[in-house]
Every structure is written in C-alpha cells, then in structure tokens.
Amino acid sequence: MSDQPELAVDWQSQIVRDAAIALFKTERIRRDVYTWPLINGLLEREWLKQTSNDKEYCLTAKGRSQYPKMLDNQLPKWQELALSGMSVKGDERSAFMKRLEFVRTNTRFDLPVWINKKSFNTLYGGDEQAEISSELQSLLPKYRISEDAVLRIRGTTDMHLVRKMMKPIRLGPILQLMSHAAIPERDVMELTEVDGEQPYMVMTVENLSVFTDMDIPDHLMLVWAPLDYPDLAIHIIKMMPQYVPHIHFGDLDASGFALAEHIASETGRPVRRFLPEFWQEYINEYAQPCMDHAVKGPTWRQAISSNELIRKLMLRKEWLPQSAVLLDPRLKQELLGVMN
C-alpha cells in the first residue's frame, strides 16, 4: 500500500466503516454522500467498476485481491467487526480468525475462480470434512466451490455445450472417439445453453454400471444421474428443449422412485420411468428384501402402485436392481419402442 496515496475517507464514520466491511462481504456498494469518497478512491485504483445500476459499484478481480489489505491498514479490527453480529461461538471464531490470517498471509496473489470443496474446507475449516457456515464464508475470498464430479453422457448426438467466453464443447467428436463423454463439473456449471443436434430422447440412468454397459439405439442420449449427486444431469436437462422427451431408468426401489421424481421436479418435466415389460420375469431370481434406512433398497414409503410389477414388489417388501436386465436381448427393442 506504500506506493498508493491514502484515500480521503473518514474512517471514523460508523456509516463508512459499515459500508467498507459490507463491500468486502457482498462485493457491492451503493453511492451516497458518505460512501462517495471511498468509491471514488477505489475507482481510481481500478478496484471498483460501475454496474448496470448507475448508483451501484462492484469489486473488480484486482479489487478482490487488494481490498482486504487496505482494510487491514485502515480498519485493523475489521474482521472482528464483521464477525460481531454473527452467531458464531467464541472458540470457533478465534480458531477461524487465526486460520484466516495465516491463509491470507501465505496465499498467492492470483486466486483461482474455482476450488475443490475439500480444499476449501481444509484451508478455512482445518480438515476436509469441516463445514464453513454461510456467515463465515462471507468473510472469505469469493471462490466457486466444486465437488469436482463429472457429467457423463453417451449416445450419437452432436450436441454443442455453449460456455461463456469459451469455445463450445462438441459432443459429437468426443463420442466418436470414446465410449462416453466425461465433462468436469467446473465446465458444466459454466454452460449457458445447448445447441447443435438434439437427441430424439434423453434418458437419465441411476447406476454407472448400467450407463456404461447398456446397448442403446441411435439418437438416444444417456446421462448418468447418480443417487447422491444428480445435480449435473439436472443442469444439462434443464437446458435442453422441451420437445426432447425425458425418461428415467433406475432401480425399482423407493430411492430410485424418489430420484426420478426429483429430476422431474427440478427440470419441469413429467415423471416418466422406463419399465421394460419383461422385468417381472426377474423377480424370483433377483428381487432383494428391502431394509430400513438403506441407500439401495430402503423400505417402500410410497403409496401402493397400480403397476402390477411395482405393486408386487411393494407388497412383498422387495426391490429390483436395474442391472439385472442389462444383457436381456429384448432391452434394446423396448428402448426403441419407447422412443417411437
């Protein structure tokens, strides 16, 4: 800060101090008679830029990196002031502040836009499993936090996944070279729309084993939607035109049914499940007993179904894994029937 002139700001003003701390937490500040000296000085340093609202300004990338150091100089206790209104216990607050100070002293200048959730938890919470409250996160650098899962897609489509300020991801060449496309979460969350060739139908598949091994007809696009993190599948389906129908293929159990309903609700589409006609032939050899609180095959909680196969499973307190029908020669024909 020694090479920068001091800002003509009244740091003794409570209004100015509150606005300065709020700027760090929200990255935005509104212009008024009290805040204008601070805003004007930050504009000269290129730490702020005006938004579409002529009275509102936001931090630039340079400002996000340098502004906390200025607060350290002008308001040495600004972090404690920011924490004062939060419902954070004393010990937790003290440990967090010590860790935050250490990280800030030893952090490189060019912070990443994205950071893995476990890396984030370790840096600011002390270990991979730590949960950083939203209150405390407001004091941290503005990372986008990723689980670093992958979106997996199969099919013959040449859909283009359009990203902001980047080349689109063309699925066609990828799917010609490999068994399926695996797109990192960080890229998926940057998508703005889908373009190019659309499939005749999109099918979400619960289990990775079935997704990778199932023989599928042309123009059917498979998207892996795991039970524990279907968010990426939901994200891409929401971008697809409504004229492309969606159907879900999962285990015949309570959690599989809940997954299908969740995907339909989030994407604004009707619930449609793929239930091969021959599936009931597999009950005697492959049905498994339901168990309370199990991830796969939990006890049925839904109302008794009118579908004969599902009704039988519910009454017998059993469930069927979708992988049992994987190699049945009738499967592909039924997929064609659904698409037609």
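The values are calculated or read from the model by the stated rules, or taken from the named source; none is laboratory data. Given the structure is predicted, the values throughout are model-derived calculations rather than measurements. Glycine also receives a Cβ, built like all others from the backbone with ideal geometry; neighbour counts cover every protein chain displayed.
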Within segment 168-179, is there a residue that is under 23 Å from Tyr229 (Cα atoms), touching a Leu at 6+ places or on another chain (Cβ under 8 Å), buried (at least 18 other Cβ atoms within 10 Å of the Cβ) and touching a residue at least 40 places away in the same chain (Cβ under 8 Å)?
no
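Under 29 Å from the mean Cα position of the chain (by Cα) and either in a loop (DSSP other than H, G, I, E, B) or at pLDDT 80 or above (or both): is that true of Glu128 in this structure?
yes
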Mind checking which residues of segment 201-221 are surrounded by 16 or more Cβ atoms within 10 Å (Cβ to Cβ), of a type outside the set (Val, Ile, Thr) and out of contact with any Phe, Trp or Tyr (no Cβ under 6 Å at 6 or more places or on another chain)?
Met201, Glu206, Asn207, Met214, Pro217, Leu220, Met221
Of all strands (runs of 3 or more DSSP E) completely enclosed by segment 139-192, which ones contain at least 3 residues that are more than 30 Å from Pro68 (Cα to Cα)?
150-154, 159-163, 166-170, 181-184
Failed item in (1) part of a loop (DSSP other than H, G, I, E, B); (2) touching a helix residue (DSSP H, G or I) at 6+ places or on another chain (Cβ under 6 Å); (3) within 21 Å of Val188 (Cα to Cα), with Asp228 passing the rest
(2)
Long-range neighbours under 9 Å by Cβ, at least six apart or interchain, first residue at positive phi within segment 316-327, second not hydroxyl-bearing (Ser, Thr, Tyr)
Lys317/Pro289; Lys317/Cys290; Lys317/Trp300
Condition met for Leu313 (over 12 Å from Gly256 (Cβ atoms) and not in a loop (DSSP other than H, G, I, E, B))
no
Across segment 279-307, what is the number of residues that are in contact with a helix residue (DSSP H, G or I) (Cβ under 7 Å, 6 or more places away or on another chain) and surrounded by fewer than 12 Cβ atoms within 10 Å (Cβ to Cβ)?
4
Any residue in segment 94-115 that's modelled with pLDDT under 75: show its pairings with residues that are among the small types (Gly, Ala, Ser) and surrounded by 12 or more Cβ atoms within 10 Å (Cβ to Cβ) at Cβ separation under 8 Å, as long as the two are six or more apart or on different chains.
Phe109/Ser65
